[in-house]
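A.B. asks: A single structure is presented below for examination.
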Amino acid sequence: MEFGSASAIAAEYGRLDEMVGHGTWNQPAGTITDDTEQALCIARSLVERQGFDPADVAERFVAWYDSDPFDIGRMTMRSLSRLKHGDAWDEAGQQVWEDSLEGQNAGNGSVMRCAPLAVPYATDWERLTEVSRQSSQITHADPRCTYGCAVLNLTIAGLLDDADEPLREALDDVETNAPDELIGALRPLARGETPDTLETSGYVVHSLQTALHDGLVAESAEEAIVTAVNRGGDTDTIGAIAGAVAGARFGAAQLPERWLTAIDETGEIDALTERLVEVA
Ligand SMILES: [Mg+2]
């Protein structure tokens, strides 16, 4: 459904809640996209290195880039190309960011993949903030992106700990350092308010606002993801972020079996998750 409009999705499917194939990228039903591919790079690295090793994560991103993925974001492509040609993990994304204009410099490409970090670092918020920001910097160095990853992962950590107000606690934790634009967009959600409009663009502040709304408000994991995807726009990414939040809220057992069986990587993700808990 990526890049489709809400009205086009509704016209074709009503409320879409099944895996369907051969959409935007002409892939079979249940095919994972760039979000999950990179989340898997992070998760595999965490397990194999027994902790966060940004150079190793960067190397895995480059190997995925070399596999010629059908979908890859602009800043990610530029950063991974630089990494491939010798930049260090903390140089490539920084350089691409400095060379980008406002409006094209803060995409959602790092927030969509960062959730695996929240499992091993759930109880160490200082370290979780640091590793979340560094994982972003590999391709997305803008503070809205780096702190966007931190806010998402602190929220997930709070949910895993059954916090009453996970988003408020996450925002309180990073507020002094994080950009006002990010905090200002998310504060109303933490107070239980719904913004007048929820955007579905690839701008990190919009994607995070919409996905956190859907992930935190829905009454089931399925509802969170279905709502996010049916909004159209950057569906795989907003669905991925909303799904990470909803997964932490409701637990993996609440994910619909009919979706899990459609995804080839389900078994590997299950196994990695067990091992991520052990890394902690
Ligand atoms: Mg996307």
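Throughout, read-outs are computed from the coordinates displayed, never taken from laboratory work. All values derive from a computational prediction rather than experimental measurement. Cβ placement follows ideal geometry from the backbone for every residue including glycine, while neighbour counts extend to all protein chains displayed.
A.B. asks: Among Ala262, Ala244, which is away from the ligand (no atom under 13 Å from the Cβ) and within 12 Å of the chain's Cα centre (by Cα)?
C.D. replies: One residue alone meets the criteria, Ala244.
A.B. asks: If a residue has to be among the polar types (S, T, N, Q) and touching a Gly at 6+ places or on another chain (Cβ under 6 Å) to count, how many in the stretch 60-76 make the cut?
C.D. replies: Residues meeting the conditions: 1.
A.B. asks: A further question follows. Counting just the residues of the stretch 216-231 that are without any contact (Cβ under 8 Å) to a residue 40 or more places away in the chain and away from the ligand (no atom under 16 Å from the Cβ), which one comes out farthest from Asp35 (Cα to Cα)?
C.D. replies: Checked the stretch 216-231; the qualifying residue farthest from Asp35 (Cα to Cα) is Glu219.
A.B. asks: Looking only at the stretch 62-79, filter to residues that are within 16 Å of the ligand (Cβ to nearest atom) and among the hydrophobic types (A, V, I, L, M, F, W, C); which one of those is farthest from Pro120 (Cα to Cα)?
C.D. replies: If we take residues in the stretch 62-79 being within 16 Å of the ligand (Cβ to nearest atom) and among the hydrophobic types (A, V, I, L, M, F, W, C), then Phe70 is farthest from Pro120 (Cα to Cα).
A.B. asks: Find the residue count for the stretch 13-27, including only residues that are in a loop (DSSP other than H, G, I, E, B), free of Cβ contacts under 8 Å to residues at least 40 places away in the same chain and away from the ligand (no atom under 16 Å from the Cβ).
C.D. replies: 4
A.B. asks: Condition check: away from the ligand (no atom under 16 Å from the Cβ), in contact (Cβ under 8 Å) with a residue 60 or more places away in the chain, part of a helix (DSSP H, G or I) and in contact with a Leu (Cβ under 6 Å, 6 or more places away or on another chain). Does Ala10 satisfy that?
C.D. replies: In short, no.
A.B. asks: Here's a follow-up. Determine, yes or no, whether Ser100 is closer than 23 Å to Pro179 by Cα and surrounded by fewer than 23 Cβ atoms within 10 Å (Cβ to Cβ).
C.D. replies: Yes, satisfied.
A.B. asks: OK, next. For the stretch 88-111, state whether one or more residues are among the polar types (S, T, N, Q), under 17 Å from Ser132 (Cα atoms) and within 16 Å of the ligand (Cβ to nearest atom).
C.D. replies: Yes, the stretch 88-111 has at least one match.
A.B. asks: All but one of (1) in contact with a helix residue (DSSP H, G or I) (Cβ under 6 Å, 6 or more places away or on another chain); (2) within 16 Å of Asp270 (Cα to Cα) hold for Ile32; state the number of the condition that does not hold.
C.D. replies: Every condition holds for Ile32 apart from (1).
A.B. asks: Could you tell me whether the stretch 114-123 includes any residue that is out of contact with any helix residue (DSSP H, G or I) (no Cβ under 6 Å at 6 or more places or on another chain) and surrounded by fewer than 21 Cβ atoms within 10 Å (Cβ to Cβ)?
C.D. replies: yes
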